[in-house]
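First comes the structure, then the notes that go with it.
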């Protein structure tokens, strides 16, 4: 019997974008003997399964390996297996169930069973470590932020449905992205915090943005090592969202009916409707959030030359826009029903910030 056979297996599935995928060299790094990593090629690999677990490279390492090392060092009774299936410079679309090649969700589905088959008496994962979405922040201006939330939840749900998920009985660690990477980064962070808030006993949201991030996006190797240790020890967990804070609604009524309340329990529009924004000039350079509840049909929102679609569904749907600094006109929020059908919604709101308030409907 080998030493590894005497230890209990602990499997960490890791996925995300460049901070999870990239390996860094020139670091002070000694891998513990009870750490193994799956040999998937994160730079050139396709959807096919890799072949085996190997020892960590002592000359370079990635964030997933650093986190696995923290688990291994603090739990010498475990043999820690890291399965890192990540891809840099990729948006969340690559992980959606219907994504074209390269489909990273299919990559996960192909690799995890193959990896588990190499571990005696092990048929499920024990943790999910996820860090990505800088690319999604850059695209937020054209994508409804609520759509990002729904899409990411669909990925987590698809993973939970796999036979190796143990019915979703494993913790999930999410990471806040550095707000320097894009003006709308905090809109993505709001979604991630919102997802964590909905499952506080399972999902933790970690803030590792206290480091340098020299290019605004990536940590260097030594910083990743420290960040991974902080996440393992729970030193950088994000606090719960303040559900009591409330910003003023900056909409003042409709061009077609100035008496129509934006707080109406049900608003029905057929054809274009225009709402004016309070103190437009004061919003120049700011990020604003547009939200509505109980949307029964999709409709388009347009603000300062930017457009997004608020999609039907219960609860709040929302999107965020960056108002140009060179603002020389009154801001108007334009609503346009899609498919030539009436748009029905309630509690239309435009406010300063990257997420809507209050969030008591979560």
If you go through segment 37-46 one residue at a time, do you hit one that is within 27 Å of the chain's Cα centre (by Cα) and farther than 29 Å from residue 136 by Cβ? no
Of the numbered conditions (1) touching a residue at least 60 places away in the same chain (Cβ under 8 Å); (2) in a helix (DSSP H, G or I); (3) over 12 Å from the mean Cα position of the chain (by Cα), residue 180 fails exactly one; give the number of that condition. (1)
Any residue in segment 191-207 that is surrounded by fewer than 20 Cβ atoms within 10 Å (Cβ to Cβ), in a loop (DSSP other than H, G, I, E, B) and either touching a helix residue (DSSP H, G or I) at 6+ places or on another chain (Cβ under 8 Å) or not assigned by TED's automatic domain parsing to the domain that holds residue 147 (or both)? no
Boolean, residue 88 is in contact (Cβ under 8 Å) with a residue 12 or more places away in the chain and out of contact with any helix residue (DSSP H, G or I) (no Cβ under 6 Å at 6 or more places or on another chain): no
Among the residues in segment 140-162, are any outside any helix (DSSP H, G or I), more than 19 Å from residue 64 (Cα to Cα) and at pLDDT 90 or above? yes
If you go through segment 311-362 one residue at a time, how many are without any contact (Cβ under 8 Å) to a residue 40 or more places away in the chain, out of contact with any strand residue (DSSP E or B) (no Cβ under 9 Å at 6 or more places or on another chain) and within 19 Å of residue 271 (Cα to Cα)? 1
Working only within segment 281-291, note down all residues that are more than 10 Å from residue 322 (Cα to Cα) and either assigned to a loop (DSSP other than H, G, I, E, B) or at pLDDT 90 or above (or both). 290, 291
Working only within segment 123-142, note down all residues that are over 19 Å from residue 204 (Cα atoms) and surrounded by fewer than 22 Cβ atoms within 10 Å (Cβ to Cβ). 123, 124, 135, 138, 139, 141, 142
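The values are calculated or read from the model by the stated rules, or taken from the named source; none is laboratory data. Bear in mind the structure is a predicted one, so any value in this text is a computation, not a measurement. When we count neighbours, we look across all protein chains shown, and the Cβ atoms used for this are built from the backbone with ideal geometry, even at glycine.
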